[in-house]
Each structure stands twice: as structure tokens, then as C-alpha cells.
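Notes follow the structure.
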């Protein structure tokens, strides 16, 4: 984050200048303003503690990495770890990720989206809360550049089939085959959740796609689903950086 952006963000949301955190943005996300160096942008939806995001940002310094996460307890750890690793190409955004993708990410401004282990919402009455829908896939396509990548993973076979159907039915993506090394460099699990899941001998369901040329449908109206909560910057963060944490 460049100094000017840091000062502006501090005025807007009360976050200390230079901290790799943006809370509850209300206007379009300007990557040129949020990062000191202009690079292609990859976005992880539901980044949790940041295991994938931080590993990817450390490995690929030619890309700017953005994590969208609402839960402050896990997001705080991600921000702390970004600072600890000295990554100037990683940023956490506290937000409703679906709102941000639909309304605040500019069209054709993202090189890749990563959606790993979204909540399957098991109960029948909760299925409408699943993130993958025709509208969400259109939102992803609208934000991606042509040739941009979408990667998804889940541990629920039934949900995986649903995801494949909705993405394939959109006509906006074509499947892309990836090697095991491309998915997981060095054999490392993608996320903390996947690490626990694979430790029990279970199989991850993964799929990758490239954005085809063609216009995505216009965004659907947005309906707020949850209150936004207290600002995270009031609670932590800088004093905790460098503290030894038990694992």
C-alpha cells in the first residue's frame, strides 16, 4: 500500500497507515491505489487465516494477492502473518465477499479468483446460501480479464457437481487441466482446512477454468445479508506482530 493510500484509508476506516487491511470498503477497489506496485491481481474468496494467500504471495512476488474474509478472528491472524513475512503484495479485505465481487471489483480487473472450501450449507433450507449460483459465476466472469483463471475446491462431492454444472452452464468458462504441482507446489495443502481434511485420508475435489471471451450478464440487485460488525482495527493488530504463537 503506498503512503498516500495508507493515509487515505486511515481517514476512511481507522486502520493504521501501512497495515495490509481494508475494512468494509464502500467504493470501487482501485488496485493501483491499494498496492505500491502495479501487478496483476489475484483474489481469494474466503481467505480465513491466510495460509493459501500468504504462501502464494511469498512464492509469486510478481502478482498482488487480495484475500476477502469477513470473520475478524481469522482475518486478524492473516493480517499479522502478512506483516510478519514482510509481504508488500498481499492485502486482506474485511467484507462480505459476494458483495465486493458483485459491486466493488471493477470489470476485467482481476487475473484470477480462488474459491476454496466454501460452506456447503448442508440443510435443505440453507442451500440458497451456497456461494455458487448463476449470479455469482456471472459476477466472477465480469471481474475477470479474458483468459483469467478461476480455481475452486471443495470436500463435498455433491456440492462439487453442483459447482461444475453452474460454471459449465454459464458458457463463460472453459475447463483447464492443472498438474498436482500447479495445484499444490511442493505438495503443500491449499488451505488449513484442506490440511486437516487430507490428514484423514480424504480426497479434495478441484477444478480450474479460464475465462472465455464474451459478455457476462449484468449484476443482479444486491440484498444485504448480515450486519457489518465492529471495525477490526479497534481490537488489535500491530502490538501482536512478532509475538510467538503456539500451534
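FYI, it's all coordinate maths here, none of it is from the lab. Quantities reported herein were computed from a predicted structural model and do not represent experimental measurements. All Cβ positions, glycine included, derive from the backbone under ideal geometry; neighbour counts span all protein chains shown.
Mind checking the full-extension length gain between residue 220 and residue 198? Use 0.36 nm per residue of separation minus the Cα-Cα distance, one decimal, nm. Could you put the intermediate results ahead of the total?
On the way: separation 22, 0.36 × 22 = 7.92 nm, distance 3.67 nm.
Net length gain for the segment: 4.2 nm.
I want to check the label-to-label distance for residue 119 and residue 133. Put each point 7 Å from Cα in the C-beta direction and report it in nm to one decimal.
1.4
Tell me, what are the semi-axes, in whole angstrom and largest first, of the equivalent ellipsoid of the range 65-205 as set by the roots of 5 times the Cα gyration tensor eigenvalues?
Numbers: eigenvalues 101, 84, 60 Å².
Working from the Cα gyration tensor, I get semi-axes of 22, 21, 17 Å.
If R₀ is 45 angstrom, what is the calculated FRET efficiency for the pair residue 210 and residue 73, using the beta carbon separation as r and rounding to 0.05? All intermediate terms of the calculation are to be shown ahead of the outcome.
Values: r = 35 Å, r/R0 = 0.77.
Here the calculated transfer efficiency is 0.80.
Sort 92, 98 by Cβ crowding within 10 Å, fewest neighbours at the top. Mind showing how you got there, number by number?
Working: 92 30, 98 18.
Final ranking by Cβ density, sparse to dense: 98, 92.
Would you please state which residues of the range 172-197 a label at residue 85 would reach in this model, taking the label point 7 Å out along Cα→Cβ and a backbone N cut-off of under 14 Å?
185-186, 188-192
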